[in-house]
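Peer 1: Pasting a structure below so you can have a look.
The values are calculated or read from the model by the stated rules, or taken from the named source; none is laboratory data. Owing to the predicted nature of the structure, the values given are computational and were not obtained by experimental measurement. Glycine gets a Cβ as well: all are built from the backbone with ideal geometry, and neighbour counts include every protein chain shown.
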Amino acid sequence: MKNQLELILKNAETDLEKAQSINDIEEIKLKYLSRKGELNSIKKNLKDLSDEDKRVVGAFANEIAQKLETEVKSKYEEFYKKELDEKLKCEKIDVTLPGKSIPMGKIHPITQTINEITEIFHTLGFTVAPDKNSPEVETEYYHFDGLNFPKDHPARDMQDTFYTTLAPNVILRGQTSGAQVRVMEEMKPPIRIIAPGRVYRNENVNSRKNNFFHQIEGLYVDKNVSFSDLKGILNEFLRLYFGASRPTRFRSSFFPFTEPSVEIDVQCIMCQGKGCRTCSGTGWLEILGAGMVDVNVLKGVGIDPEVYSGFAFGMGVERLAMLKYAIDDIRLFFNNDERFLKQF
Ligand code: DAH
């Protein structure tokens, strides 16, 4: 048995010398040292020996096992180190290589314009109305009735307004003015809010018109608000947004929810007022409607027109952006051409 043990050790040592990799070492461990390995099968036969032999041969078997384990371990470490060194050598990191640049998104020019206008109105004392007061899906009541639109007003026509199938009186809003009614129902004067948002109109799309666009509604209601406040605030806004040198003009107009009503035009930037395709030859582009809040609108929300007065306005965001950056086609904002968007 002793001879057998010595032979096993010798064979194992020869195998170890021939080993090329960690895998080979694992196989040697399995072959000689595992539970089903050669050393264990000898140990199983110890039970047939006399007590004295059992002790001697048993001790010798343990000695051999320990020796082999030590040798296997040191060989294993040798290969482990070698394989690691090789890995490190070929997986070297070149810290001088240029980094990978991650493309960053940009804020859309319309959002940029809304943010800029919102900032200006902040400095003039206006805050943004809560979203819930300015829904894109609106009822005819807030969109028309509460704003003093007569029942037979042409804007109520299906040709101008998108009606939904949700209910007969539910529409996609065509103006942000409904926010005025919702805000006045919930807040007491003094009220000084703006409400930016998207609006929808049943239009044929061309370079000046899209079937959805953005507006910013404004409302100021307090004691003694007069037409000169309207002029003062809106002129200051125009000066801050366009700079002092851009010609603007007030024109009288009509809206069912304001009396008197005005529209403001800004000189066309494409032709410097000479007249071109963008401004239909007039030299001017309309950017907003405004006026003193109609007495009927105030009464409708329970605000006493004997005590309070106010002005309101609604401006077109795309128009304002086109006039600032000389963009001659509204569709550029909506077809997501990176060459256009990257310029902002
Ligand atoms: N809602 C109007 C439109 O879409 C614009 C407007 C005009 C808003 C006068 C107002 C206003 O608040 O007072 O054409």
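Peer 1: Provide a single number: the residues in the range 158-183 that are more than 15 Å from the ligand (Cβ to nearest atom) and at pLDDT below 95.
Peer 2: So the first thing to find is which residues in the range 158-183 are more than 15 Å from the ligand (Cβ to nearest atom), and the list is 158-159, 163-170.
Within this subset, residues satisfying the condition of being at pLDDT below 95 are 158-159, 163-169.
Within the range 158-183, residues that are more than 15 Å from the ligand (Cβ to nearest atom) and at pLDDT below 95 number 9.
Peer 1: For residues in the range 258-284 being within 16 Å of the ligand (Cβ to nearest atom) and crowded, with 21+ Cβ neighbours inside 10 Å, which is nearest to residue 176 (Cα to Cα)? Give the steps one after another, and end with the answer.
Peer 2: Restricting attention to the range 258-284, the residues satisfying the condition of being within 16 Å of the ligand (Cβ to nearest atom) are 258-266.
Pick out the ones that are also crowded, with 21+ Cβ neighbours inside 10 Å and you get 258, 262, 264, 266.
Working: 258: 14, 262: 17, 264: 17, 266: 21 Å.
Among those that are within 16 Å of the ligand (Cβ to nearest atom) and crowded, with 21+ Cβ neighbours inside 10 Å, it is 258.
Peer 1: Give 73, 54 a once-over and let me know the one that is free of Cβ contacts under 8 Å to residues at least 40 places away in the same chain, in a helix (DSSP H, G or I), of a type in the set (Lys, Arg) and surrounded by 13 or more Cβ atoms within 10 Å (Cβ to Cβ).
Peer 2: On the way: 73 fails: surrounded by 13 or more Cβ atoms within 10 Å (Cβ to Cβ).
Matching residue, one of 73, 54: 54.
Peer 1: For the subset of the range 244-257 comprising residues that are modelled with pLDDT of 90 or more and out of contact with any helix residue (DSSP H, G or I) (no Cβ under 8 Å at 6 or more places or on another chain), which member is nearest to the ligand (Cβ to nearest atom)?
Peer 2: Going through the range 244-257, the residues modelled with pLDDT of 90 or more turn out to be 246-257.
From what is left, the residues that are out of contact with any helix residue (DSSP H, G or I) (no Cβ under 8 Å at 6 or more places or on another chain) are 247, 249, 251-255.
Numbers: 247: 21, 249: 16, 251: 12, 252: 12, 253: 8, 254: 9, 255: 4 Å.
My answer is 255.
Peer 1: A further question on this structure: Considering only residues that are assigned to a strand (DSSP E or B) and either under 21 Å from residue 199 (Cβ atoms) or not assigned by TED's automatic domain parsing to the domain that holds residue 225 (or both), which ones fall in the range 287-328?
Peer 2: Taking the range 287-328 first, the residues assigned to a strand (DSSP E or B) are 287-293, 309-316.
Result: 287, 288, 289, 290, 291, 293, 311, 312, 313, 314, 315, 316.
Peer 1: Here's another thing I want to ask about it. Could you say whether any residue in the range 173-189 is farther than 21 Å from residue 121 by Cα, assigned to a loop (DSSP other than H, G, I, E, B) and assigned by TED's automatic domain parsing to the domain that holds residue 220?
Peer 2: yes
Peer 1: Name the one entry in 318, 306 that is modelled with pLDDT of 95 or more, within 16 Å of the ligand (Cβ to nearest atom), of a type in the set (D, E, K, R) and out of contact with any Cys (no Cβ under 6 Å at 6 or more places or on another chain). Lay out the reasoning, then the answer.
Peer 2: Numbers: 306 fails: within 16 Å of the ligand (Cβ to nearest atom).
Going through 318, 306 in turn, the sole match is 318.
Peer 1: Only residues that are surrounded by fewer than 16 Cβ atoms within 10 Å (Cβ to Cβ) and part of a loop (DSSP other than H, G, I, E, B): list them for the range 2-39, please.
Peer 2: 20, 21, 34, 35, 36
Peer 1: Follow-up. Suppose we filter 234, 240, 219 for residues that are away from the ligand (no atom under 16 Å from the Cβ) and either more than 16 Å from residue 320 (Cα to Cα) or at pLDDT 95 or above (or both); which single one remains?
Peer 2: Numbers: 234 fails: away from the ligand (no atom under 16 Å from the Cβ); 219 fails: away from the ligand (no atom under 16 Å from the Cβ).
On inspection, the qualifying residue turns out to be 240.
Peer 1: Of the conditions (1) within 13 Å of the ligand (Cβ to nearest atom); (2) touching a Cys at 6+ places or on another chain (Cβ under 8 Å), residue 292 satisfies every one except a single condition; which number is it?
Peer 2: Among (1) within 13 Å of the ligand (Cβ to nearest atom); (2) touching a Cys at 6+ places or on another chain (Cβ under 8 Å), residue 292 violates only (2).
Peer 1: Which is crowded, with 18+ Cβ neighbours inside 10 Å, hydrophobic (A, V, I, L, M, F, W, C), within 24 Å of residue 121 (Cα to Cα) and touching a helix residue (DSSP H, G or I) at 6+ places or on another chain (Cβ under 9 Å), of 333, 344?
Peer 2: On the way: 344 fails: crowded, with 18+ Cβ neighbours inside 10 Å.
Just one listed residue meets the conditions, 333.
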